[in-house]
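The values are calculated or read from the model by the stated rules, or taken from the named source; none is laboratory data. Every value quoted in this text rests on a predicted model; they were computed, and no experiment measured them. Ideal geometry is used to build each Cβ from the backbone, glycine not excepted, and the neighbour counts take in all protein chains shown. These accessible areas exclude ligands, DNA and RNA; they are computed on the full protein's heavy atoms, side chains included. Shrake-Rupley method; radii C 1.70, N 1.55, O 1.52, S 1.80 Å.
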Amino acid sequence: METLISLVNKIQRACTALGDHGEDNALPTLWEALPSIAVVGGQSSGKSSVLESIVGKDFLPRGAGIVTRRPLVLQLHKIDEGKEYAEFMHLPRKKFTDFAAVRKEIADETDRETGRSKQISSVPIHLSIFSPNVVNLTLVDLPGLTKVAIDGQPESIVHDIENMVRSYIEKPNCIILAISPANQDLATSDAIKISREVDPRGERTFGVLTKIDLMDKGTDAVDILEGKSYKLQFPWIGVVNRSQADINKSVDMIAARRREREYFQNSPEYGHLASRMGSEHLGKMLSKHLEQVIKSRIPGLQSLISKTINELETELSRLGRPVATDAGPSDWSRVTQSFSNVTFGLLLLSGKLYMIMEICRSFDQIFKEHLDGTRSGGDKIYNVFDNQLPAALKRLQFDKHLSMDNVRKLITEADGYQPHLIAPEQGYRRLIESTLVTIRGPAEAAVDA
């Protein structure tokens, strides 16, 4: 089943390349049907530390306020041997072996999309990490939930982040990884609150408790981890991440994992739960569960893809033959081969339509820049529509075309001689159509100018 996770990884990357990343206006809507694991948590909940513990590398930006401002699709690929490296989808030919450079590139790519205004964007960043120390897994790291906007952010940022998170986790194919700190009241957990709203029975929510080692002396999280305080369908998992002092000292992640294991094994409170605690167990458990979900969703995904292909074939019949390409040989299993074939057909057919849409979007953006003054030539455009077009329209003989005799003639020809208790629709329609034909010449001349 590891092949299935790799296949879904490829489909997710292809969807994003074609403009489909789960938004309402995306084409097509395959992304929404793909199983995914969304990581949800409030600011300072330890979300970044959990992800880095699963990967075993420091690679996420850190700082005050909202650091994650775009979804990060993190795809982990287990390799048998070799040096660990990372790749970004927007830099397909570049391999990163320095994970400090990965952290910088995440921050830089975020700024390229959002600017330095601390705004957020729903366009995801795709990062793949290849390592012998990870399990095959795909996670979507979402911006941390917050209650107040900081300087430089609009007041709507709180609701914008919540709406973005909700748009991911409300989908029935999304597995929710809810991160909550143990040193805060679980009733106030942002992650539990929002996951409860979209998954009230806890059927697709995994609870992760962080900062267990930072709880007040004399207190523990046993009731939560045993599912007595808040019950989910899946067992709660506790983790002990590196402290800020450890991060500042660049404490080795392998050593941190070993210390985490020792903490649970030697703890009198958590010793009986040690076998299912820790970031290593969390990664393995999520990978296994994701494989099971993907396997159960294959028939539905194949049906969706086949249906979408038929719809796109009808739509693309007006656009000409699709660009031919060679899919190449494959050694996938029968199930994944069939799944891949229909997916390839979908992506191939949608490629041309998406290319046309992108050309239109690009033209629209450039035209706006001309009008806004960012590009030169805006004054000429304004002159055409403020002077040239109105002058040409004034020269048209609308008085003759809209004279009472001509209006009566058109209405009579369309509706016949009969009294009208309501407006004669066909006559008015002909009058409007004939007027549009009259102004077509000046309108086209304005566009050409």
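Round to a whole number: what % of the accessible area of segment 69-118 belongs to carbon and sulfur, probe 1.4 Å?
The value for segment 69-118 is 46 percent carbon and sulfur by accessible area.
How much area per residue is accessible in segment 230-291 when the probe is 1.4 Å and only protein heavy atoms are counted (Å²)?
With the other protein chains kept in place, segment 230-291 gives 54 Å² per residue.
Please compute the per residue accessible area over segment 39-115 with all protein chains in place, 1.4 Å probe, rounded to a whole number of Å². Let's see the in-between values first.
Details: 3330 Å² over 77 residues.
I get 43 Å² per residue for segment 39-115.
Express in nm, to one decimal, how much length is gained between E170 and D399 on full extension, taking 0.36 nm for each residue of separation and deducting their alpha carbon distance.
Net length gain for the segment: 76.6 nm.
Would you pull out the residues with amide H under 5 Å of N183's amide H, same chain only if 5 or more places away, H placed 1.01 Å from N?
none
List the GluC sites (Glu not before Pro) within segment 177-276 that DSSP assigns to loop and that have no more than 13 neighbouring Cβ atoms inside 10 Å.
Of the GluC sites (Glu not before Pro), the ones in loops of segment 177-276 whose Cβ has at most 13 other Cβ atoms within 10 Å are E203, E226.
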